[in-house]
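The values are calculated or read from the model by the stated rules, or taken from the named source; none is laboratory data. Remember, predicted model here, so these are calculated numbers, not experimental data. Counting neighbours? That spans all protein chains shown, and the Cβs are built from the backbone with ideal geometry, glycine included.
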Amino acid sequence: MAKQKILVVEDEESLLKLESILLTSKGYDVRGVINGQHALDAMQEYSPDLVLLDIMLPEIDGFEVCRRIKSNPATKDIPVIMLTAKKSREDMARGEEVGADWYITKPFKSAMVIETIQRFLN
């Protein structure tokens, strides 16, 4: 059986590495990108089963990336989990508005991230 693919979008290199190692160790096929434009490009060529998306990104922010993913008929059903330091009510409401399936704030517990991913992929 093919591994489930997760696209991790995180501009902080150490966190990107950490998240990638965590998910790879759980048996997922992981691709990491560091900005919104790379995320949108990867949606086309990588076809992930799930997207783990930071909000504060260079060029195109995570809200806009999520909006574009969810407004594209080819990618609208792919779960998007926001993983971000932005924890105000307004930010969470905006995440919901653009179609995010779930919202996890940093600092996060690895177990919670894994549980959330498994809930969407199983």
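Please name all residue pairs, on different chains or six or more residues apart, with Cβ atoms under 6 Å, provided the first residue is in segment 94-111 and is among the basic types (Lys, Arg) and the second residue is in a helix (DSSP H, G or I).
From residues that are among the basic types (Lys, Arg), the pairs are 94/63.
Select from segment 3-42 the residues that are assigned to a helix (DSSP H, G or I), in contact (Cβ under 8 Å) with a residue 24 or more places away in the chain and in contact with an Asp or Glu (Cβ under 7 Å, 6 or more places away or on another chain) and list them in ascending order.
Residues satisfying the conditions are 19, 36.
Considering only segment 76-89, state which residues are modelled with pLDDT of 95 or more and outside any strand (DSSP E or B).
Scanning segment 76-89 gives 76, 77, 78, 79.
Could you check how many residues of segment 6-15 are surrounded by fewer than 19 Cβ atoms within 10 Å (Cβ to Cβ) and either closer than 18 Å to residue 65 by Cα or within 14 Å of the chain's Cα centre (by Cα) (or both)?
Of the residues in segment 6-15, the ones surrounded by fewer than 19 Cβ atoms within 10 Å (Cβ to Cβ) are 11-15.
With the extra rule that they be either closer than 18 Å to residue 65 by Cα or within 14 Å of the chain's Cα centre (by Cα) (or both), the set shrinks to 11-12, 15.
Of the residues in segment 6-15, 3 are surrounded by fewer than 19 Cβ atoms within 10 Å (Cβ to Cβ) and either closer than 18 Å to residue 65 by Cα or within 14 Å of the chain's Cα centre (by Cα) (or both).
Does residue 63 fit the bill of being assigned to a helix (DSSP H, G or I), of a type outside the set (D, E, K, R) and either in contact (Cβ under 8 Å) with a residue 12 or more places away in the chain or crowded, with 18+ Cβ neighbours inside 10 Å (or both)?
Yes: the conditions hold for residue 63.
Mind checking which residues of segment 40-55 are out of contact with any Ser or Thr (no Cβ under 7 Å at 6 or more places or on another chain) and under 20 Å from residue 94 (Cβ atoms)?
Matches in segment 40-55: 40, 51, 52, 53.
Give segment 16-25 a look and list any residue that's under 19 Å from residue 104 (Cα atoms) and either surrounded by fewer than 20 Cβ atoms within 10 Å (Cβ to Cβ) or of a type in the set (A, V, I, L, M, F, W, C) (or both), or say none.
16, 17, 18, 20, 21, 22, 23
Given 31, 67, which one is touching a Phe, Trp or Tyr at 6+ places or on another chain (Cβ under 9 Å) and among the basic types (Lys, Arg)?
From the options 31, 67, the qualifying one is 31.
Of the numbered conditions (1) in a helix (DSSP H, G or I); (2) among the β-branched types (Val, Ile, Thr); (3) over 22 Å from residue 119 (Cα atoms), residue 69 fails exactly one; give the number of that condition.
Of (1) in a helix (DSSP H, G or I); (2) among the β-branched types (Val, Ile, Thr); (3) over 22 Å from residue 119 (Cα atoms), only one is false for residue 69: (3).
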